[in-house]
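Structure first, commentary second.
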Amino acid sequence: MATLVLNAVGTAIGGPVGGAIGSMVGSQFDAAIFGSPHRQGPRLKELEVTSSSYGQPLPRHFGRMRVAGQVIWATDLVESSETLGGGKGAASITTYSYTASFAVALSSRPIAALGRIWADGRLLRGTEGDLKAAGTLRLHLGHGDQPCDPLILSAEGEARCPAHRDLAYVVFEDLDLSEFYNRIPALTFEVLADEDFDLADVLGDLVADADAAVPLEGFRGLTCDGPLDGVLQTIDQVLPLDVDAGPDTLVVSRRRSQDRPIALPEAAVSAGDDDFGGAAGFSRRRLAAEAQPISLLRYFDSERDYLPGVQHA
């Protein structure tokens, strides 16, 4: 108010120069009475982090895959403020920034390495392992002897901190959220679980006494997040399989087409009048044709950042 009044008085007495002097003197009066002008940037009202749901399966990954993961631990957002300006009567501005610390489970079996990371579809971690945002990343490969994460240990205490053994997971410490609208973004990870794998690796120790040394040609990655029979049915649509559940060993092999005629033995003929039927005999038949042969295949293209694709027969 004093700035406007003294500006008008100074202009009436001394013209433009008097008006400038009056404005300067008036701004000093206003600052002394009302304080210097101050503005605040946008600020969050809620600092709690949204957690993931219970009961979600933790899949097993083979080869090279792009996966989402599950948040298994998180702290509240940490708020930081910075005030700029405010000198010589100028307006000061307070800006707020937020960081988050959290852990994401990737695979329920050990992995070999971690590749790129995408946040809201944008690259967060490159092929060289550098984060595009401020923060620290630690990877736990999921072996049975891995130690507790130091950040989780310091936050939860030794009595309540699990080591998450046999579980591959990553920990983000103080990840800057300014590029993600001050929230934890939707993350996807490039998991490098194996150099190569076959069907025996997929069965693993889920089935005892199984013979399943079947190469999976064309498979660069595979995710198992459901019952084993569903996984075998999915593979069977691409690489037809034969399964023999013998008395001792489960044998899984590639289905082979018949390449020559099958020679049948002489038919068993009943010789006696009182005989009900033949004492011995057996029959063979060809495999029935598939009722609905596969016509299209959905997959993830590793050459295009694992974008989904479709191939038609």
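FYI, it's all coordinate maths here, none of it is from the lab. Please read these numbers as outputs of a predicted model, since none were measured by experiment. Heads up, the Cβs are rebuilt from the backbone with ideal geometry, glycines too, and the neighbour counts pull from every protein chain shown.
For V214, which sequence-distant residues (separation of 5 or more, or a different chain) have an amide H within less than 5 Å of its own amide H, given hydrogens modelled in the peptide plane?
L199, A200
Taking the number of other C-beta atoms within 10 Å as the exposure measure, put S101, S257, S108 in order starting with the fewest.
S257, S108, S101
If you place +1 on the Cβ of every Lys and Arg and -1 on the Cβ of every Asp and Glu, how big does the dipole about the Cα centre of region 39-195 come out, in debye to the nearest 20?
Details: 16 positive and 20 negative charges, 91 e Å.
About 440 debye.
Over all Cα pairs of region 39-195, how is the pair count split among 10 Å bins, expressed in % and running from 0 up to the last occupied bin?
The calculated distribution, bin by bin, is 10, 35, 33, 13, 6, 2, 0.
Using DSSP to define loop residues, name the GluC sites (Glu not before Pro) in region 159-217 whose beta-carbon has at most 15 other beta-carbon atoms within 10 Å.
Qualifying residues, ordered by number: E195, E217.
If we count every other residue with Cβ under 14 angstrom of G129's Cβ, Lys/Arg +1 and Asp/Glu -1, where does the sum land?
+1
Return the long-range amide H neighbours of I72 (sequence gap of 5 or more, or a different chain), with a cut-off of under 5 Å between placed amide H atoms.
Under 5 Å from the amide H of I72: A103, V104, A105.
Please arrange I111, I93 by counting, for each residue, the other beta carbons lying within 10 Å of its beta carbon, fewest first.
The most exposed by this proxy come first: I93, I111.
I need H164, H312, H61, H140 ordered by Cβ neighbour count within 10 Å, fewest first.
Lowest to highest Cβ neighbour count: H312, H164, H140, H61.
Count neighbours as other Cβ atoms within 10 Å of each site's Cβ, and list the trypsin sites (Lys or Arg not before Pro) in region 125-169 that are DSSP loop with at most 11 such neighbours.
R160
Please list, in order along region 179-190, the HN-Hα scalar couplings obtained from phi with the Karplus expression 6.51 cos²θ - 1.76 cosθ + 1.60 (θ = phi - 60°), rounded to whole Hz, x for Gly and Pro.
Each residue of region 179-190 in turn: 7, 10, 6, 6, 8, 6, x, 6, 9, 10, 10, 8 Hz.
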